[in-house]
Amino acid sequence: MLLLALVLLAAGWELYKLVAPDDGVRLGESLILPRSDDASMPHLARIAEVFGEQEVAGVEGGGTVLASVLAAVWYSLRLAAAGFAVGVAVGFLLALAMQRLRVLERALLPYVVLSQTVPLIALAPLVYGWSGNLSLFGLDWQPWMSVSVIAAYLAFFPVAIGALRGLSSPPPVQTELLAACAASWSQTLVRLRLPASVGYVIPALKLAAASAIVGAIVAEISIGLSGGIGRLIISYAQQATGDPARIYAPILGAAAMGVVAVGLVALLGLALRRYQFQEAA
Amino acid sequence: MSAPRPPAVALEGVGKRFGTGATAVDALTRIDLTVAAGEFVALIGPSGCGKSTLLRIVGDLIAPTDGAVRVNGKSARQARLDQDYGIAFQSAGLLEWRTVQGNVELPLALHGLGRAKRRAQARELLELVGLGDFGAHRPSQLSGGMQQRVAIARALARRPALLLMDEPFGALDEMTRERMQSELIRICAETSAAVVFVTHSIPEAVFLSQRVVVMSPRPGRITQVVDVPLGARDEDTREADQFYATITDVREALRGRAREASP
Amino acid sequence: MRTGAVWSGRVFIGLWPPLLFGVAFLALWEAFVLLRDIEPFVLPKPSAIFEQVRLNFDPILEATRSTGTNALVGLALGLVAGLMAALLASRLRPLEELLTPLSAAAAAIPIVALTPILNTMFSSTSSTPRRLIVLVYVFFPIFVNTLKGLRQIDPVHAELMRSYAASPWTVTRIVRLPRALPFFFTGLKIASAGAVIAAIVSEYFGGLQQGLGPAITSAAAASAYPRAWAIVCAAIALGLAFYLVAVLAERLAMPWQRPQGETT
């Protein structure tokens, strides 16, 4: 069905180009429907073509657009993954701590919940200042670390909340059973709470993966880190007047990145499906 | 002089089969039963005997595979469209976003009664079930027994000729259950509605009804109808010798057929 | 009413640990920066940030208004679109089957990356691309959650409605819509916070220089870090405001219910 939906969208795109005026539809002063000329909305065939073009025209051995996009995707993906790993680890540990100590939960949880509602990504440009000027544990702060920090930051919050909710999910009937068997907190953790939390952690991980990707891309743009997909999007956008279709290439690459990341988590969910009793979107 | 009322329920040769071929299940076969106007009849039997299915057939919530169903002299479907019956289930099924009063008004609102009339009737009904002061409360604020009373008030909203009740007290504790049974007797006396009451409990069936219809499963059928020779019911009835004797009769009827049926 | 008093009492007691933590956190931050003599480009003092808020109040307010308007317009439009789509999809199976996998895909891809495309499609001097991004961002949580709610119906209520010979529209009106409200508000809470986030992030992808995003970037580029942090605080306040309005709407619309917990 996804395929059908995509096909319909593609058909809609071309149909709109056919039907709508080149200059778009205006309401008063502003455009409410986009321009449909080839510069603003390239034909889908043209977009596909772009991938095969040389990145820098006329330079031999320069590599295709496709190659550049793939390289950039690989670069950003690794940064996002590093951030994701750190964020998930910290988030999970915090959730464990909050489950163990109720006072910690009461003090921190409101902030964690509220942080999901605020645009933390606004902090991205601020981390710019760290690169080149900061030294931590004898290691010079690399620019790419800023990107991973932002990704980690964004991945941390949904995981902390989801893991806490999952660890706290077993009903009293089950926790009392384990208490009656004189199980320690760690035994209860391994045998009851961890398996019970899978159903909550997997959707949280999906959200964290998507957030880490967005965070990495935006951070790269704010910091101006070259090599990643964020920078590629901006530089192609600046070249847009020359070749308007080219901007679609890195954007599709970014979309693919997101799908791959969430897909990997979904695979993990599949492997752990024995523990999942609830289907969360 | 008023014309005699038609029987509340008249079932002739009613049957219900679920599925087809080798895996078909005969939930009900050859059901013949007549419930007179104003009569209280209990349906009792073990799980799978089809009593709930039968109730739903009378209410036109399920269609029978065989036989004829007449409710209040009309087809079951017409009776439903004319709202000739009220129904109460095991779970009260109150809409939690409406007040108690709002819940009782629901059937009245659905069929176009004006606001002032609705309000007045709902208030009357709540008084009838003893919850006159609780109109503005929310269902979540009421106990299980009270919620069931609201459900009963709602079922009586259109002054139906027939009440269908599917184990309405099944989820309540024993003490509340006995209280609710007495309440129901009182309410029925005041409204003269016929009642078809499905239950698992033998004392409940005997206490409430004038006839106990004993059913058994595989295939679902009526095995015996036990008359309950108790007069007007009150608290002493539960201690009367005749009460215990009738309970024994019903138990024998249930057991005896069950013993015969199993190989 | 009794319930109201209990609720506010519990909130009062529950307020102490996070409040204490917040105050302690700010105090430690201030001390840490002072004692370790940390440069502002790493971490400014809370007091310095506060100072900057005071000094730059008007421009910050202006930027907030710009971003806030984009978020609001996108939220309103996305809300309407999402609701209508959910209502239609609950009645038309094919529509649901089409939109649901699309929603899953949309949750995975970085929607904000579409901003440059929209900038060329509309014009980089218009606010429309940002509002459209917000619309898309808002549409999916509203659609998915409201649809989930509309499809829920308690079997007892279904049988009751059948016994009343109620028409399908009546059943939707009396049972399905109220039943769907909690789910709708879950989606609204996610969407309202997401609207601000989407509005800000889309500002990083070029286009107009109005709004909180560009303001933060230019302050950071000018090494005016306390000011940059001050603008970030405004962004956080904006996000909170949107979220709290959604929470308030939920409490008002559903007085019969204790508010549900957050769902990611």
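Which residue out of C:Leu61, C:Leu34, C:Leu77 is of a type outside the set (D, E, K, R), within 29 Å of C:Ala222 (Cβ to Cβ) and in contact with a Lys or Arg (Cβ under 8 Å, 6 or more places away or on another chain)? Step through it out loud before you land on a result.
Numbers: C:Leu61 fails: in contact with a Lys or Arg (Cβ under 8 Å, 6 or more places away or on another chain); C:Leu77 fails: within 29 Å of C:Ala222 (Cβ to Cβ).
That would be C:Leu34, the only listed residue that is of a type outside the set (D, E, K, R), within 29 Å of C:Ala222 (Cβ to Cβ) and in contact with a Lys or Arg (Cβ under 8 Å, 6 or more places away or on another chain).
Among the conditions (1) crowded, with 23+ Cβ neighbours inside 10 Å; (2) touching a residue at least 24 places away in the same chain (Cβ under 8 Å), A:Ile233 misses just one, which is (2). For A:Gln239, the criteria (1) free of Cβ contacts under 8 Å to residues at least 24 places away in the same chain; (2) over 10 Å from the mean Cα position of the chain (by Cα); (3) within 8 Å of chain C (Cβ to nearest Cβ) hold in every case but one, which is (3). Of the residues making up segment A:254-264, one or more are over 20 Å from A:Phe51 (Cα atoms) and more than 9 Å from chain C (Cβ to nearest Cβ). Of all residues in segment B:141-160, exactly one satisfies the criterion of being modelled with pLDDT under 90, more than 18 Å from B:Ala189 (Cβ to Cβ) and surrounded by fewer than 18 Cβ atoms within 10 Å (Cβ to Cβ), namely B:Gly144.
The rows are residues; the columns are (1) of a type in the set (Lys, Arg); (2) more than 10 Å from chain C (Cβ to nearest Cβ); (3) more than 30 Å from B:Gly231 (Cβ to Cβ); (4) surrounded by 22 or more Cβ atoms within 10 Å (Cβ to Cβ).
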residue	(1), (2), (3), (4)
B:Ile31	no, yes, no, yes
B:Thr99	no, no, yes, no
B:Leu113	no, yes, yes, no
B:Ala116	no, yes, yes, no
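For segment A:42-60, does any single residue satisfy the condition of being within 13 Å of another protein chain (Cβ to nearest Cβ), assigned to a loop (DSSP other than H, G, I, E, B) and at pLDDT below 80? Yes, segment A:42-60 contains a residue that is within 13 Å of another protein chain (Cβ to nearest Cβ), assigned to a loop (DSSP other than H, G, I, E, B) and at pLDDT below 80. Collect the residues in segment C:217-243 that are hydrophobic (A, V, I, L, M, F, W, C), in contact (Cβ under 8 Å) with a residue 24 or more places away in the chain and either touching a strand residue (DSSP E or B) at 6+ places or on another chain (Cβ under 9 Å) or within 7 Å of chain A (Cβ to nearest Cβ) (or both), keeping them in residue-number order. Result: C:Trp229, C:Ala235.
Hey, could you check segment C:145-159 for residues that are surrounded by 24 or more Cβ atoms within 10 Å (Cβ to Cβ) and touching a Gly at 6+ places or on another chain (Cβ under 7 Å) and say which is nearest to the other protein chains (Cβ to nearest Cβ)?
So, considering only residues that are surrounded by 24 or more Cβ atoms within 10 Å (Cβ to Cβ) and touching a Gly at 6+ places or on another chain (Cβ under 7 Å), the one nearest to the other protein chains (Cβ to nearest Cβ) is C:Asn145.
In segment A:187-206, is there at least one residue being out of contact with any Asp or Glu (no Cβ under 8 Å at 6 or more places or on another chain), farther than 25 Å from A:Tyr111 by Cβ and not in a helix (DSSP H, G or I)? Taking every residue of segment A:187-206 in turn, none turns out to be out of contact with any Asp or Glu (no Cβ under 8 Å at 6 or more places or on another chain), farther than 25 Å from A:Tyr111 by Cβ and not in a helix (DSSP H, G or I). The test for being outside any helix (DSSP H, G or I) and at the interface with chain A (Cβ under 9 Å from one of its Cβ atoms) holds for C:Gly206. Contact annotation: residue pairs with Cβ atoms under 8 Å, 6 or more positions apart or on different chains, pairing a residue in segment A:137-149 that is aromatic (Phe, Trp, Tyr) with a partner that is modelled with pLDDT under 70 and part of a strand (DSSP E or B), are A:Trp141/A:Ser135. Restricting the first member to segment B:1-22 and to residues that are more than 28 Å from B:Cys49 (Cα to Cα), and the second to residues that are at pLDDT 85 or above and hydrophobic (A, V, I, L, M, F, W, C), the beta-carbon pairs closer than 6 Å and six or more apart or on different chains are B:Arg5/B:Ala37. Within segment B:205-258, the set of residues being crowded, with 16+ Cβ neighbours inside 10 Å and hydroxyl-bearing (Ser, Thr, Tyr) comprises B:Ser209, B:Ser216, B:Thr223, B:Thr237, B:Thr246. In summary, A:Gly227 fulfils each of the numbered conditions (1) in a helix (DSSP H, G or I); (2) at positive phi with the single exception of condition (1).
Of everything listed in (1) over 30 Å from C:Thr217 (Cβ atoms); (2) touching a Phe, Trp or Tyr at 6+ places or on another chain (Cβ under 7 Å), the single unmet condition for A:Leu164 is (2). Could we say that B:Pro46 is of a type outside the set (Phe, Trp, Tyr), under 18 Å from the mean Cα position of the chain (by Cα), under 30 Å from B:Gly144 (Cα atoms) and part of a loop (DSSP other than H, G, I, E, B) here? Here the answer is yes, as B:Pro46 does meet what is asked. Here the helices (runs of 4 or more DSSP H) wholly within segment C:51-138 that include at least 1 residues being more than 12 Å from chain A (Cβ to nearest Cβ) are C:57-91. If only residues of segment B:65-75 that are under 13 Å from B:Val9 (Cβ atoms) and in contact with a Ser or Thr (Cβ under 9 Å, 6 or more places away or on another chain) are counted, the one that is surrounded by the fewest Cβ atoms within 10 Å (Cβ to Cβ) is B:Ala68.
For residues that are among the charged types (D, E, K, R) and modelled with pLDDT under 90, tally how many sit in segment B:128-140.
Here is the first cut: in segment B:128-140, the residues among the charged types (D, E, K, R) are B:133, B:138.
Of the ones still in play, those that are also modelled with pLDDT under 90 are none.
Of the residues in segment B:128-140, 0 are among the charged types (D, E, K, R) and modelled with pLDDT under 90.
The values are calculated or read from the model by the stated rules, or taken from the named source; none is laboratory data. Here the structure is a predicted model, which means the values were calculated and not measured. Here the Cβ is made from the backbone with ideal geometry for all residues, glycine too, and neighbour counts use every protein chain on show.
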